[in-house]
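Q: Shown below is the structure under consideration.
The values are calculated or read from the model by the stated rules, or taken from the named source; none is laboratory data. The model shown is predicted, which means the values in this text are computed figures rather than measured ones. Backbone-built Cβ (ideal geometry, glycine too); neighbour counts: all protein chains shown.
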Amino acid sequence: MRNSMGGLVMRSACWNVRHGGLLWGLAMAILVAGSSLIVAGCDSGDTVTSSSTTLAVSTPTSVADVEFRDLSTDHVYYAEIIDLADRGIVGGFTDGSFQPDDWITRQQFAKMIVLAAGYPVSEQDVCAFTDVEDSGPGSLYPDNYVAVCADRGITTGKSETEFAPQDHVTRAQLITMVARAADLPEPPPDYTAPFRDFSAAHYSWAKKAYYAGLLDGLEEFEPSRKGSYDFWAKATRAEACVLLHGLVYRESAAAAK
């Protein structure tokens, strides 16, 4: 069920981020996705170096609360976006925008879901797709994230060698990838989802996601609008945040047990 989210919007001046087993702290914040990778409050300036990789980044003016110039507090998915940004899972563009209603690309979502699921990533994760650029110091979407997604069965390519990183993600694909990452159980045999069987490849995953409550935050799945969801529409960055937000809290709840 969708709740007010008021208690879920966490603001802090700094937080710790894990990457490949290395803990980065000391007033450091990593914002990823969009068109910039931003590290705030890092003593080493515009580059972060670990034992496995070096990433060139830009430094913002402050490590205060994450805000985006085009994201108002009355946006329907504001709470989810800001919470993920505060956690270092999503970030904005160099002009200070988030562009919540823009369509999300395959390479953007690959990185976001790897971070949301907490999968370790290193340079040893080699991407087999020839159309995904190799990682480098200035790489915004390192190929390692796509490699991890593929290795874990979260995503597949258009072929054995083609990933199509700039292609947009449909809502059906988005839901399927998040459901795979969440390792959702099968619903009861007599359970009927409130939507038709729309795809041999995606329906079962959507049914699992709906039963588990991962789709509750989406507007079209509120009681008054059930049945209006277009699974084949392109997914927006904001919609991706809603599903990833559910994944993060599901993972957190599982870890606490």
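Q: Considering each of GLU220, GLU186, GLU160 in turn, give the residue that is on the phi < 0 side of the Ramachandran plot, assigned by TED's automatic domain parsing to the domain that holds GLY246 and not β-branched (Val, Ile, Thr).
A: GLU160
Q: Identify all residues within region 101-116 that are crowded, with 22+ Cβ neighbours inside 10 Å and of a type outside the set (Val, Ile, Thr); write none if there are none.
A: Residues satisfying the conditions are ARG106, GLN107, GLN108, PHE109, ALA110, LYS111, MET112, LEU115, ALA116.
Q: Can you find even one residue in region 225-236 that is in contact (Cβ under 8 Å) with a residue 40 or more places away in the chain and within 15 Å of the chain's Cα centre (by Cα)? Please lay out each step first, then the result.
A: Filtering region 225-236 down to residues in contact (Cβ under 8 Å) with a residue 40 or more places away in the chain leaves 229-236.
If we keep only those that are within 15 Å of the chain's Cα centre (by Cα) too, we end up with 235-236.
Yes.
Q: While we're here: Can you give me the number of residues within region 111-147 that are touching a Pro at 6+ places or on another chain (Cβ under 8 Å) and either at pLDDT 95 or above or assigned to a helix (DSSP H, G or I) (or both)?
A: Residues in region 111-147 being touching a Pro at 6+ places or on another chain (Cβ under 8 Å) and either at pLDDT 95 or above or assigned to a helix (DSSP H, G or I) (or both): 2 in total.
Q: Could I ask something else about it? For region 169-208, enumerate the residues that are among the basic types (Lys, Arg) and farther than 19 Å from PHE221 by Cα.
A: Selection gives ARG180 alone.
Q: Let me ask another. How many residues are among the hydrophobic types (A, V, I, L, M, F, W, C), within 21 Å of LEU244 (Cβ to Cβ) and part of a loop (DSSP other than H, G, I, E, B) if we restrict to region 182-194?
A: Restricting attention to region 182-194, the residues satisfying the condition of being among the hydrophobic types (A, V, I, L, M, F, W, C) are 182, 184, 193.
From what's left, within 21 Å of LEU244 (Cβ to Cβ): 182, 184.
So of that shortlist, the ones also part of a loop (DSSP other than H, G, I, E, B) come out as 184.
Adding up the residues that qualify gives 1.
Q: Shifting gears a bit: When the residues of region 60-91 are narrowed to those that are touching a Gly at 6+ places or on another chain (Cβ under 7 Å) and part of a loop (DSSP other than H, G, I, E, B), which ends up modelled with the lowest pLDDT?
A: Across region 60-91, the extreme among qualifying residues is VAL63.
Q: A further question follows. Need pairs with beta-carbon distance below 8 Å; first residue at positive phi and within region 108-128, second part of a helix (DSSP H, G or I) and surrounded by fewer than 16 Cβ atoms within 10 Å (Cβ to Cβ); sequence gap 6+ or separate chains.
A: none
Q: Still on this structure, please answer the following. Given (1) farther than 17 Å from TYR78 by Cα; (2) basic (Lys, Arg); (3) buried (at least 21 other Cβ atoms within 10 Å of the Cβ), identify the lone condition not met by ARG237.
A: (1)
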